[in-house]
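Remarks on the structure that follows.
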Amino acid sequence: MVERYQVAIVGSGPCGMSAGGRAAERGMNHILLERTDHLSDTIYKYQKGKHVMATPDILPLRSSMPFEAGRREEILQAWGDTTKNLGVNVRYNAEVTAIKGQKGNFELTLRAGEKIVAENVVLGIGLQGNLRKLAVPGGDWSGVQYQLDDPDEYESERIVVIGAGDAGIENALALAKQNTVFIVNRRDEFARVKEANQKAILEAIEAGQITCYYSADPKSLTPGRLVLTVPDGEAVVECDRIIARLGAIAPRKFVESCGIVFPNDSAEALPELSPRYESNVPGLYIVGALAGFPLIKQAMNQGYEVVEFILGNDIKPADQPLLEEKFRALLDRGRSVDEIIELIRTRMPLMSGLTPLQLREFLLDGAVHFPKKGEVVFERNDYTNSFFMIIDGGAEILIDPTNPAVRVNLGPGEFFGEIGLIAGRRRSATVLSGGDSFMIECPRRSMIKLINSVESVARAMNEVAMVRQLRTYLSPHLTNEALAPVLANAEIRYYKPGQVLFTEGEPDNGVYLIRKGSVTVARQIAGRDVIIAYVAAGNYVGEMALLNQAPRNATVKAAINTEVIWMDSARFRQMLDAAPELRGEVEQRLLTRLVEGETMKARPEAGNIIQFLVEQGVGEATDILLIDETLCVGCDNCEKACAETHGGVSRLDREAGPTFSGIHVPTSCRHCEHPHCMADCPPNAIHRAVDGEVYIDSSCIGCGNCSRNCPYGVIHMASKEPPKAGLLAWMLFGFGHGPGQDPSHKWGQKKGGDGPKLAVKCDMCKDLPGGAACVRACPTGAAVRVSPERFFSLAELTAR
Amino acid sequence: MKLAGVSIHKSIIEYRGFFYLKLAAGLVLLSVAAYWVHQPLAGPNGGTWLGYTLGTIGALLIVWLAWFGIRKRRYGVGRLLLEDWLSGHIYLGVALLIIATLHSGFQFGWNVHTLAYVLMVGVIVSGAFGLLVYLRVPALRTENRQNMSLDDMMALIAGLSKEIYQAASTLDDEVGQLVQEADQRTRIGGGFWRQLSGTDPHCATTRALNKVRARAEQFSGADADAARQLVTLLARKVELLARARRDVRHHALLKVWLYFHVPMTVGLIAALLIHIFVVFLYW
Ligand SMILES: Cc1cc2nc3c(=O)[nH]c(=O)nc-3n(C[C@H](O)[C@H](O)[C@H](O)COP(=O)(O)OP(=O)(O)OC[C@H]3O[C@@H](n4cnc5c(N)ncnc54)[C@H](O)[C@@H]3O)c2cc1C
Ligand code: HEM
Ligand code: SF4
Ligand code: SF4
């Protein structure tokens, strides 16, 4: 007999468990299926004693389960108790491997082969996916584990770490302090890991602290004995324990196999849902992190709501008060939240492809503004990267910095701010409010999420953006008529770092306007590629061959992820003929480049420096700390200054990092154009300030995602230092620690205070008058902060 | 070198177009002129009005110069860069030598007043030495490091040690003994003088290199190949060791003078207080 339920809930994370609780409370015939042998695996796996946050504070909790900020253990305990008390029907070790059927008759298959039938299914499996398991004979030995909570727990053991990704390396390094550690690497090198990890593991191997098996694969396992296939046969490792860090398989495949459709292939794409969290398969609901809601409280609320929706109860979502707060000023004028959302939907063609749920969520992140006529919305050269939609009133864009009278007027339904959003650089124009307006400002992250999940938004935005980018970057005076032929077959092209746009000697095949990222220009000199220039977003390349009517005289490669607008040569030439002003400008720029090219040819060192800096990620930096090694006396006052002005924890590591030609790039934030750290911060705590500083605000929940995502290893997790004795007390009487003297200020040794561990990184001392404390504390002027445009500029490089 | 318009290859000496040099020079010129013009009856000494004035300026300068130690550790405050402070510190510190000498009227003796003066000269001389080190050593260090850090060098050295053992493994016991001694007895750094000297006359690896080299011709066939390889490896290690030791020396040089500069500053301030107290007591 197959069991039949009114609702089957898959996954007992915050959302699934909350749904289970509500279903039990409402007396539904339900089952909660959990893959592991405990509730809420993601939370279960947090570090021991982790302080779990209940953000956003203003969002009320609506769940049959309790939840407030506190220690991981307490929260899990409370959930476990309530699940019991409410009589939730949980089945553990019940991984669902397939869901078939339709509303009223879904059939769920469990890993053990058992089947369950349910009228409705709630999918709440989160994003963590399935950990890859060690698939070798004997792989189920109890000494194999897939996670490492506390490396200090193990002592004098022989431990094999399988997997040479960041997680594997970090575990191996931590364990090597007290144990004999082996690491198994499938490749013959450590590729695609953070530079800091790569360096540390190679050093540890070099120093004999860790033994590495390269090009090795596990073959079989008997308790205490692992057999590996290695290039020259087999190797046997005796071990007490195996830590397998083989990565996870994203849940998307499984979700798609249930019939759920994703809008595109982008990794950030989310499935489309109705306002009742119902997917394109009727009766199959998606909630929690999988639906794009990355916080515990949101997930719990949705678990509750989805059960009510299944029962046919049309309750208002719990985030209603947030939206009411947001639209307060309009509500006072007698409109309801739903009316306002509807107004936005109909006014903004860009948003018309969104489901009401998507729009709602999108608006939750946004800010509402009512600027008066003439009020400044943002200024040229600001570093902000949000996106604005005009619902009412209008905007005036001052496109010509030399003549404020040249303006473009936008009206309701139009948007602006996309150029800065795409380029990740300074605003290219000042924008004023064109009347008493109603605008919505959307943060970069939600906008990017939207572009990646809703095709129509990406298309509509690119269409408008292309025209504006051409005007902004070529000439504000280009008329639509002059642009039309070029636009007709222009296209957006995407390049990965190192990918070639065009090669020296090739015939001319178009002009490339860089709208995001940057490129390097190299020329063959004496049989070697020598870099002669670095070109940033907002500039074009490829015009030289066109004007000279000659083959390409240089090879252009993307320095980082780059997007260009490609334009046809013949049409570009026609456009130049129609716009003499632009022609003159292009010619002038060409001449400058010719001169620069000659200078650089004579100074290959300068090219080598560009090459080195591009490799260090300077190409995507907006502001970077460099140290002139020939002036640095090694006093570490810069680090101490950073620690002392930032709660005792230095955000920079002076010694670490590479050096070339006397220029040292310390481990310190580059304030990237498109900060990788922002990518999946659940509370959206990472922002960019007007002057470009990328900083983390107080809503950080300490999940560590940013620290994993930053390729430069400059974010670390630390608790606040306890207050110190005063400077004089230390100097005269030796009380407490001296400046930067606390052991915890050093990288990697993050003892710190006892409070919750939060992410810390360089904020360029944005809250201190007078600028970066590190630079100001350098006695010899060796430490400088520079932006790459200026650094890469020829004049400065060749003045060396 | 110019970096983004900020001259960072300019040393602390040329800082802000010699602004602090000009300031200090002005102060010195004024003092010398006053000393020249002023001809007290009892000959120049600390007790005349000019003596008191120069003494006050000198004492204030000392306090201000010593304040640098505090200012250096007060982070994120003030409008001036620490570079400004250091540039001023250097020029006004040298100016102090002249002003205090004029203040003394060249009257020295075996007393606390002269002790204060001597300590002051000691601080200034050690400061001048430090300045020279700060100006010279970083560039030497950079050149010596060749884009490596000391840790990188150590890692390379550790790697070489392993290779050396391997190369020696096929050769006879005497070579094995030499190689083992070389590995176990080689030190980088060490005591105060060893660090500062930047060399090690008793380096076990150098000894091993010389001995193995002398014996190399006795081997033949595969052994001769191994011996040649061993000599190459040892030579590479010796070269790396020399570089690492130089790096230690550079590091030590950059620090050592402060162990004189700062304690003498403390002594100077104590002596200065006594000097002032005594002068007013016996007025
Ligand atoms: C280190 C870290 C710290 C964080 N800190 C906080 C914080 O302080 N505050 C906060 O609000 N948020 C925090 N978050 C985010 C929060 O953990 C997630 O938003 C939340 O867990 C999402 O809940 P969920 O129910 O959607 O999915 P999950 O919690 O991921 O739950 C999914 C559950 O489904 C199970 N499952 C998966 N596949 C199957 C299957 N096929 N069959 C059966 N069961 C399955 C899993 O075992 C798991 O138990 C943090 C995240 C991380 C990684
Ligand atoms: C009586 C005169 C002087 C006094 C009282 C004095 C005092 C000090 C003090 C207290 C420090 C701080 C040391 C530390 O804590 O790190 C210092 C640093 C220094 N002084 Fe002097 N000093 C004097 C003269 C000079 C002179 C004449 C020079 C150079 C010609 C000089 C060069 C320096 C330098 C280079 C530093 C190091 C700066 C740094 O590393 O931050 N000083 N001095
Ligand atoms: S933390 Fe890392 S990813 Fe984020 S801006 Fe800084 S360098 Fe870039
Ligand atoms: S700032 Fe970093 S640690 Fe904090 S919540 Fe965001 S991603 Fe997580």
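Values in this text are rule-based calculations from the coordinates and carry no lab data. Predicted model, so just to flag it, every value in this text is computed and none were measured. Cβ placement follows ideal geometry from the backbone for every residue including glycine, while neighbour counts extend to all protein chains displayed.
Modelling each spin label as a point 7 Å along the Cα-to-Cβ direction, I'd like the A:ARG26/A:VAL376 distance in nm, to one decimal.
Result for the modelled spin labels: 5.2 nm.
How high is the relative contact order of chain A, given as a whole-number percent (alpha carbon pairs under 8 Å, six or more residues apart)? Write down the numbers at each step before the final one.
Numbers: 1655 pairs, mean separation 72.4, N = 800.
Result for chain A is 9 percent.
If the limit is 18 Å between Cα atoms, which of A:LYS45/A:LYS84; A:LYS133/A:LYS219; A:LYS45/A:LYS757; A:LYS720/A:LYS761; A:LYS516/A:LYS557; A:LYS199/A:LYS557 go over it?
On the way: A:LYS45/A:LYS84 21 Å; A:LYS133/A:LYS219 14 Å; A:LYS45/A:LYS757 16 Å; A:LYS720/A:LYS761 13 Å; A:LYS516/A:LYS557 13 Å; A:LYS199/A:LYS557 27 Å.
The pairs that break the limit, which is 18 Å between Cα atoms, are A:LYS45/A:LYS84; A:LYS199/A:LYS557.
Take peptide A:634-643, look around each residue's Cβ out to 10 angstrom, count Cβ atoms belonging to other protein chains, and average those counts. Can you show the working numbers first?
Values: counts 7, 5, 0, 4, 2, 0, 3, 6, 2, 1.
Per-residue shielding by partner chains comes out at 3.
Over the stretch B:50-113, what relative contact order in percent results from Cα pairs under 8 Å that are six or more residues apart? Mind dumping the intermediate values first?
Working: 26 pairs, mean separation 38.8, N = 64.
Computed value for the stretch B:50-113: 61 percent relative contact order.
Please rank A:TYR154, A:TYR494, fewest neighbouring Cβ atoms within 10 Å first, as an exposure proxy.
Values: A:TYR154 18, A:TYR494 12.
Fewest-to-most ranking of A:TYR154, A:TYR494: A:TYR494, A:TYR154.
Does chain A classify as rounded, prolate or oblate by the C-alpha gyration tensor (a ≥ b ≥ c root eigenvalues; a/c under 1.5 gives rounded; else a/b over b/c gives prolate, otherwise oblate)? Walk me through the numbers before you get to the answer.
Working: a/c = 1.58, a/b = 1.19, b/c = 1.34.
Judged from the Cα gyration tensor, chain A comes out oblate (a/c at least 1.5, b/c at or above a/b).
For the stretch A:322-473, what value does the Rg/Rh ratio take when both radii are computed over Cα atoms and Rh is the Kirkwood radius, given to two decimals? Don't skip to the end; give the middle numbers.
Numbers: Rg = 15.0 Å, Rh = 15.7 Å.
Answer for the stretch A:322-473: 0.95.
To make sure I understand the rule: partners must be aspartates and glutamates, Cα under 13 Å from the Cα of A:LYS372, and not fewer than 8 residues away in the same chain. Which ones qualify?
Counting by Cα, and skipping residues close in sequence, A:LYS372 has these aspartates and glutamates nearby: A:ASP392, A:GLU396, A:ASP436.
Helix by helix through chain B, keep the DSSP H runs that span 20 Å or more along the axis on Cα and average at least 1.6 on Kyte-Doolittle, and give those back in order. It would help to have the intermediate numbers written out before the result.
Numbers: long enough: B:15-37 (33 Å, 1.29); B:49-71 (32 Å, 1.37); B:82-104 (32 Å, 1.10); B:112-145 (47 Å, 1.04); B:150-168 (27 Å, 0.58); B:222-256 (50 Å, -0.05); B:258-281 (34 Å, 2.20).
Those that pass (Cα extent of 20 Å or more, hydropathy at least 1.6) are B:258-281.
Which helices, counted as full DSSP H runs in chain A, have an axial Cα extent of no less than 20 Å and a Kyte-Doolittle average of 1.6 or above?
Result, helices passing both filters: zero.
Under the definition of partner shielding as Cβ atoms of other protein chains within 10 Å of a residue Cβ, what is the mean value for peptide B:246-257?
Details: counts 0, 0, 0, 0, 2, 2, 0, 1, 4, 3, 0, 0.
If you average over the peptide's residues, the count of other-chain Cβ atoms is 1.
Using +1 at the C-beta of Lys and Arg and -1 at the C-beta of Asp and Glu, which of B:LEU61, B:ALA235, B:VAL121 has the Cα lying farthest in the positive direction of the dipole of chain B?
Result: B:LEU61.
With a 10 Å Cβ neighbour count serving as the proxy for reagent exposure, in which order, fewest first, do B:HIS89, A:HIS676 appear? The partial results should precede the final answer.
Details: B:HIS89 23, A:HIS676 15.
Final ranking by Cβ density, sparse to dense: A:HIS676, B:HIS89.
Determine the shape class of chain B: with a ≥ b ≥ c the square roots of the Cα gyration tensor eigenvalues, call it rounded for a/c under 1.5, and otherwise prolate if a/b is greater than b/c, oblate otherwise.
Working: a/c = 3.95, a/b = 2.64, b/c = 1.50.
It comes out prolate by the Cα gyration axes.
Fewest to most neighbouring Cβ within 10 Å: what's the order for A:LYS297, A:LYS133, A:LYS219?
Sorted ascending by nearby Cβ count, the order is A:LYS133, A:LYS219, A:LYS297.
Mind listing which GluC sites (Glu not before Pro) in the stretch B:145-248 are in a DSSP loop and have 10 or fewer other Cβ atoms within 10 Å?
Details: sites: B:GLU163, B:GLU174, B:GLU181, B:GLU217, B:GLU239; in loops: B:GLU217.
Taking the stretch B:145-248 and a limit of 10 other Cβ atoms within 10 Å, the loop GluC sites (Glu not before Pro) found are B:GLU217.
If packing is taken as the average count of other Cβ atoms within 10 Å, what order do A:5-14, A:441-450, A:761-770 fall into, highest mean first?
On the way: A:5-14: 26.9, A:441-450: 21.0, A:761-770: 17.8.
Per-residue Cβ counts within 10 Å, averaged per peptide and sorted highest first, yield A:5-14, A:441-450, A:761-770.
Report the charge-dipole magnitude of the protein assembly as shown in Debye, nearest 20, computed about the Cα centre from +1 at each Lys and Arg Cβ and -1 at each Asp and Glu Cβ. Each step should come with its number before you reach the end.
On the way: 115 positive and 118 negative charges, 434 e Å.
Charge dipole, the protein assembly as shown, about its Cα centre: 2080 debye, nearest 20.
Over all residues in B:66-76, what is the mean tally of Cβ atoms on other chains that come within 10 Å of each residue's Cβ? Walk me through the intermediate numbers first.
On the way: counts 0, 0, 1, 1, 3, 1, 7, 11, 5, 18, 16.
So the per-residue partner count for this stretch is 6.
Relative contact order, percent, of the stretch A:144-244 when contacts are C-alpha pairs under 8 Å separated by at least 6 residues?
Numbers: 193 pairs, mean separation 32.8, N = 101.
The normalised contact order for the stretch A:144-244 reaches 33 percent.
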